[in-house]
Ligand SMILES: [Zn+2]
């Protein structure tokens, strides 16, 4: 099954639902970073919710960045999406190994640790807006649910899952987000809560061969749903380039650039999102020095 994001809403306008299948995308991230299973699961879940959130962006240049700044061994986890749900991300330490948790699952919560979850909206023409909440469990879905309730004040149910095989590749990955719209009753909230609580993990539904639509209708059974015709294919895609990296190096300032020119005579920068390397030789650095502040 190839990657897809679909969205639907109830005819009475009380709920809005997104379902994403992201197996290929998560495998592209895994291949890029050579990550071990815990990092693949943690980053895969974060990339999946980022891809879903991308569908709420209006302008082409809008972006959302999700940062888990936990004190666990994975270090920071970062995922960025644009309005086309083209995502990129990394975990600082992708080679973490931990014993399975009490449920026999990858211990993502422990690997992420305690700390802060920041969500940064960079919307066209406006100063970036950043919402921050404490990390609740580090399991990603619970934290994002808490974020939406606290920071955005939108009651939201989120399920995210990445099933990793013995070859370190994702067997299946996906997620869903159900949001209550203004005016939704307590009863609707209760119904959705029950459904999500009793639903099997999304990876299990995918393993059974359920399509994104099957999952959407399963989660909203009892509601009259409309599915939007337009479907989206989320992708793992870095946006770095020689020019972007050059601008980033220039932004470190004259003083620091002078130190690099004097001490090293060249500069090599690696993109954290795709591990591409960019080198700048002395001539280039001198030109960049002129442009720096
Ligand atoms: Zn890159």
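Kindly establish whether residue 183 is out of contact with any strand residue (DSSP E or B) (no Cβ under 8 Å at 6 or more places or on another chain) and closer than 20 Å to residue 10 by Cα.
For residue 183, the condition - out of contact with any strand residue (DSSP E or B) (no Cβ under 8 Å at 6 or more places or on another chain) and closer than 20 Å to residue 10 by Cα - is met.
Could you check how many residues of segment 86-100 are farther than 11 Å from residue 39 by Cα and more than 15 Å from the ligand (Cβ to nearest atom)?
2
Just the residues that are touching a residue at least 24 places away in the same chain (Cβ under 8 Å) and part of a helix (DSSP H, G or I), please, taken from segment 170-203.
Listed by number, the residues that qualify are 188, 189, 191, 192, 193, 195, 196, 202, 203.
Of all strands (runs of 3 or more DSSP E) completely enclosed by segment 1-98, which ones contain at least 2 residues that are under 15 Å from the mean Cα position of the chain (by Cα) and without any contact (Cβ under 8 Å) to a residue 40 or more places away in the chain?
77-82
Cβ contacts < 6 Å: first residue farther than 17 Å from residue 253 by Cα, restricted to segment 274-288; second residue within 16 Å of the ligand (Cβ to nearest atom) and assigned to a helix (DSSP H, G or I), any location; separation 6+ or different chain. Result?
These pairs meet every condition: 274/32; 278/242; 278/245.
None of the figures in this text is laboratory data; all of them are computed from the coordinates on show. Bear in mind that the values here come from a model prediction, so they are computed numbers and not experimental data. In this analysis, Cβ positions are derived from the backbone assuming ideal geometry, glycine residues included, and neighbour counts consider all displayed protein chains.
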